[in-house]
Amino acid sequence: MEKVAVYPGSFDPVTNGHLDVLERACRIFDRVIVAVVHNVYKNPLFSTEERVEMLREVTKHLPNLEVDSFTGLLVNYVRKRQAHAIVRGLRTVSDFEYELQLAMTNSHLYPEVDTIFIACNSKYYFVSSTGVKEAALLGGSVCGLVPPYVEQKLQEKLRELKKG
């Protein structure tokens, strides 16, 4: 039986920390689905379509990875995709507290799925999508924090925002 995992997130934008977790998840599971969520409580810099496109571009080297998007309850998406696990990346202790609460809720809603935590490489502990966006918006360099393609897309988005 093929072991399938879903790695959900907003990925606004995808960082090198996300890629680190994805690459390791792809070594563990037969197939990994990166599920870009449309979160009604967040105001993303990039559209869902732009985030999906960036993820597809920077994960081309991972043959057992698929990029998709969804809205609604994660466990409903996981059930629909017949996945066995939810992958979540951890950076800090506060991440663990938050992610553990989500894992317990998901387990209550869909007991057949497990949540697998993957601690990111220590060189990415401080990297978050929010921090990357803030640094870029304030003119800081995000080189090394995101893949070069994402850095390029971020610069294009910033130029677009300055025009508008």
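Values quoted throughout were computed directly from the atomic coordinates according to the rules given, and no laboratory measurement underlies them. From a predicted model like this one, the values you see are computed outputs, not experimental measurements. Cβ atoms come from the backbone with ideal geometry, glycine included; neighbour counts cover every protein chain shown.
Overview of results
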read-out: Given (1) in contact (Cβ under 8 Å) with a residue 40 or more places away in the chain; (2) assigned to a helix (DSSP H, G or I); (3) in contact with a helix residue (DSSP H, G or I) (Cβ under 8 Å, 6 or more places away or on another chain); (4) not aliphatic (A, V, I, L, M), number of the condition Q155 does not satisfy; value: (1)
read-out: Boolean, A85 is touching a residue at least 60 places away in the same chain (Cβ under 8 Å), small (G, A, S) and in contact with an Asp or Glu (Cβ under 6 Å, 6 or more places away or on another chain); value: yes
read-out: Residue tally, condition polar (S, T, N, Q) and either touching a His at 6+ places or on another chain (Cβ under 9 Å) or surrounded by fewer than 12 Cβ atoms within 10 Å (Cβ to Cβ) (or both), over the range 131-164; value: 1
read-out: Selection within the range 126-147 - within 16 Å of the chain's Cα centre (by Cα) and among the hydroxyl-bearing types (S, T, Y); value: S128, S129, T130
read-out: Boolean, L90 is among the hydrophobic types (A, V, I, L, M, F, W, C) and touching a strand residue (DSSP E or B) at 6+ places or on another chain (Cβ under 9 Å); value: yes
